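Written below as structure tokens is the structure these notes are about.
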């Protein structure tokens, strides 16, 4: 993952507003999450505010929100709310709503 992150960083430096930015940031967030760095992964997605391409990032937002439930329920809720209010498939919306409910209860149970 370290090498892949370095390549993504190089691409970001060379093409900060490139057409594949959402995909690049989603991959970066995924690698960070898989490396146990959920807070950093959340920061990557929180920096992606272009709503025209947000659909690319919604599934990753829910995965990261779920990972953050125990450590930072408020941040998890904020990430999930973006997805719950977007035009997304019902299954993804349900996952986002589950995270929101869990963040309110203060637990991470499914």
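Values in this text are rule-based calculations from the coordinates and carry no lab data. If you're wondering where the values come from, they're calculated on a predicted model, not measured in any experiment. Reconstructed Cβ throughout: ideal geometry from the backbone, glycine too, with neighbour counts over all protein chains shown.
Volume of the convex hull of region 1-64 (Cα atoms only), normalised per residue: 69 Å³. Scoring 83-96, 8-21, 59-72 by mean Cβ neighbours within 10 Å over their residues and listing the highest first yields 59-72, 83-96, 8-21. If you plug the beta carbon distance of residue 101 and residue 39 into 1/(1 + (r/R0)^6) with R0 = 30 Å, you get a FRET efficiency near 0.90. Between helix 55-68 and the chain there is an angle of about 60 degrees, using the helix long axis and the longest principal axis of the Cα atoms. On a 0 to 90 degree scale, rounded to 10, what angle separates helix 90-105 from the longest Cα axis of the chain? So the inclination is approximately 60 degrees.
Return one number: the angle in degrees, 0 to 90 and rounded to the nearest 10, between the long axis of the Cα atoms of helix 73-84 and the longest principal axis of the Cα atoms of the chain. Between the helix axis and the principal axis of the chain, the angle is about 80 degrees. Modelled spin labels at residue 74 and residue 86, positioned 7 Å past Cα toward Cβ, are 2.3 nm from each other. Quarter the surface of the alpha carbon convex hull of the chain and you get the mean projected area, 6.5 square nanometres. Short-range pairs are left out: with C-alpha atoms under 8 Å and at least six residues apart, the relative contact order of the chain is 20 percent.
Tell me the mean residue ellipticity at 222 nm calculated for the chain from its helices only (DSSP H runs of n ≥ 4, each -39500 (n - 2.57), averaged over every residue, nearest 500).
-22500 deg cm²/dmol
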